[in-house]
1. If one takes the longest principal axis of the Cα atoms in chain B, at what angle in degrees, from 0 to 90 and to the nearest 10, does the Cα axis of helix B:287-300 lie?
2. What number, rounded to the nearest 500 deg cm²/dmol, is the helix-based mean residue ellipticity at 222 nm of chain B, given -39500 (n - 2.57) per DSSP H run of at least four residues and division by all its residues?
3. Top mean-square fluctuation among B:Y325, B:Y337, B:Y386, Gaussian network model of chain B, C-alpha springs under 10 Å?
4. Shielding of B:153-160 by partners, i.e. mean partner chain Cβ atoms within 10 Å per residue?
5. In Å, what Rg and Dmax follow from the Cα atoms of chain B?
6. If each of A:Q116 and B:L321 carries a label point 7 Å out from its Cα toward its Cβ, how far apart are those two points in nm?
7. What is the extension gain from B:D84 to B:L164, computed as 0.36 nm multiplied by their sequence separation minus the C-alpha to C-alpha distance, in nm to one decimal?
8. For the range B:171-217 and the range B:330-405, what is the centre-to-centre distance using only Cα atoms, to the nearest Å?
Amino acid sequence: MDGCAIVVAATPRYEICRFKSGQSEKIRQNAVLNNGSPFVVRLGQNEKGSECGKAHVRIVGRAKKDNKDRYMNTQTTTSEYMLLFRGTHWDKSLSPEELQNVMGQWAEWLDRLNQQGKIKSANPLLDEGKIVSWKKSQTVADGPFAESKEAIGGYFLLQKSDLDEALEIAKRCPALKYGVTVEVRPVAEQCPPSVRVKSRRIAHASA
Amino acid sequence: MNEIQDNNRVPVGEVSRLTEHLFRVEAGKLVSVLTGLFGIDHLQLAEDVVQEALVRAFRTWPYYGIPENPAAWITQTAKNLAYDLLRREKLFREKQGEIAISVEQRSSNSAGDDSPLFDTEIKDDRLRLIFACCHPLIAQESQTALALRTLCGFSAAEIAKAFLTTEAAIAKRLTRTRQKIRELRIPFEIPAGEEFAVRLNGVLQTLYLLFNEGYKASSGENLVREDLCCEAIRLATSLIEHPMANQPRTHALVALMLLDAARLPARVDAEGNILRLKEQERSKWSRPMIERGIIHLGQAAAGDELSEYHIQAGIAACHCLAENYQSTDWSRILALYDQWTSMNNSPVIALNRAVAIAAVNGPAAGIEAIEAIKSRGELGSYYLLYAVLGEFEAQLHNFEAASGHFRKAFQLTEVKTERVFLSKRVRAFRS
């Protein structure tokens with residue numbers, strides 16, 4: 001088998017198409033051409049972890065049920081969510097024992113999400129940093145991180161998700177009860193104005 | 001954009017499989033080592049640096065997986081932080097020059113941090129810190145609190161939980177103690193010559209109290225209490241690792257702690273109710289701990305020294321080695337209590353001896369022994385005295401008297417599990 005693509009619509013629907021190794025770009029273009037809608041195509045991996053042969057393709061984020069709605073609506077649905085962890089000082093007062101315990105919980109939490117394929121990337125951020133801004137000219141100042149309780153200590157970028165799921169994941173953050181807050185933000189799939197322009201053009205063409 | 005996962009990421013689930021108490025144990029070691037670097041005047045600084053190193057581990061390991069040697073990672077991070085700090089200190093405050101010099105000496109002395117020298121360095125520093133925390137000029141309760149903070153990596157909140165007080169009170173006590181160490185110029189050193197033996201007794205006494213704080217049922221949460229016992233055993237065992245502190249009485253103390261702690265898992269039932277020795281399921285006793293305890297008891301017998309720890313370890317061994325309650329060697333236990341009361345006039349020991357007397361010579365003899373303690377005018381408001389009297393009267397079928405004693409004991413204790421136990425005993429003899 002050369003491979004199959006599974007097309008996942010926003011309302012769970014699967015479409016399978018075959019493709020050959022190295023044709024990812026073509027699949028992506030075809031998906032848009034065949035359906036004429038702002039799909040996002042993502043190629044999965046085969047057992048060996050490379051993008052070829054038996055890979056699954058999931059096309060996520062078809063926005064609308066029928067064509068008319070699809071083109072008139074300027075909003076896109078996203079499948080990516082950013083979780084931002086705010087608070088960089090909460091852990092300084094934990095005891096070594098508590099640190100180890102919460103660390104274990106955090107690792108399990110992240111590990112499970114990784115196994116489920118929900119994590120696109122995840123990183124902790126260092127406290128130190130700079131802020132570039134404009135006063136009379138460009139200025140560089142030390143970040144507010146050293147003092148700020150609101151500074152971001154790390155992030156997860158979730159994929160293949162929706163808002164409800166992202167919120168459920170955020171609620172399981174093991175540091176919440178120690179004062180960390182989690183900000184959940186959908187990642188914009190396309191620049192909204194460009195979507196608007198595109199929709200108008202298509203609407204015009206079909207009129 | 002494809003959704004191939006980042007395969008370079010180390011599996012992180014292993015973080016939760018780290019050695020139990022790793023952070024706590026490493027914190028204790030590192031505070032000792034860094035106090036060696038900074039000087040005991042800067043105890044707080046050492047604690048802060050260690051905390052920062054652990055926080056860095058905490059923030060990064062879940063994302064990138066645990067390093068091959070977690071303990072070495074933490075040590076290296078703490079040392080780097082310490083050096084950075086000292087370098088900065090040196091720039092801004094020339095007066096701190098001496099510290100920086102001692103750092104340079106140390107870092108040039110030991111070629112690498114993995115050298116075997118480093119291990120003995122840790123052991124020496126830990127012993128120095130134990131001696132500093134248990135200095136006779138520091139009040140006993142402050143000694144145990146400071147030892148828990150610096151040597152065992154407990155937070156003020158955890159210490160407060162163990163001692164049934166507030167976090168603020170403990171934090172204040174710790175600050176005052178650190179200040180006192182500075183003011184009194186308490187040295188960071190292993191005492192030399194004859195002073196060593198005297199000071200070692202003080203250290204053993206503090207560890208014994210730490211253990212008892214965990215062992216006694218009169219306060220705190222179960223979990224915290226067991227932690228205290230474990231930490232006391234760990235510190236006492238670390239003493240043995242040091243050739244100077246490796247004395248028969250140190251072994252005796254370790255033996256006594258292990259043999260008592262071995263029975264902790266059987267001391268309460270599933271609902272947390274207290275079980276008496278005869279009701280305990282002996283299969284729940286920790287065999288490995290008993291075995292270790294017996295080995296230390298054997299090592300304690302080297303030389304002609306006989307401390308109170310020896311006797312207590314001997315009594316604990318009699319209980320641990322009996323197959324069941326009936327086959328307990330009570331006459332041997334009584335002989336040990338006789339010896340103990342001749343060394344220590346404490347009424348609490350006398351009360352425990354009365355239990356042994358009753359087991360050997362019957363409950364009436366036990367009651368007689370307790371009356372003798374009461375007539376000394378001591379323990380009049382000690383709930384256990386009445387609980388024991390109640391048991392003896394019950395054995396003599398004087399149920400009304402027994403019920404009265406249990407009621408009195410009930411009024412005198414505030415611990416919930418004790419009260420549940422006693423009210424059951426009251427009810428048993430009411431009819």
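The values are calculated or read from the model by the stated rules, or taken from the named source; none is laboratory data. Remember, predicted model here, so these are calculated numbers, not experimental data. A quick note on method: Cβ atoms are made from the backbone with ideal geometry, for glycine too, and the neighbour counts reach across all protein chains shown. Side chains are part of the model used for accessible areas, which takes the heavy atoms of the whole protein and leaves out ligands, DNA and RNA. Shrake-Rupley method; radii C 1.70, N 1.55, O 1.52, S 1.80 Å.
1. Helix B:287-300 sits at roughly 90 degrees to that axis.
2. -22500 deg cm²/dmol
3. Most flexible of the set in this elastic network: B:Y325.
4. Rounded to a whole number, the mean comes out at 3.
5. Rg and Dmax of chain B, Cα atoms, are 25.2, 88 Å.
6. Label-label distance for A:Q116 and B:L321, simple model: 5.7 nm.
7. Working: separation 80, 0.36 × 80 = 28.80 nm, distance 3.85 nm.
Full-extension gain reported as 24.9 nm.
8. For the range B:171-217 versus the range B:330-405, the Cα centre distance is 34 Å.
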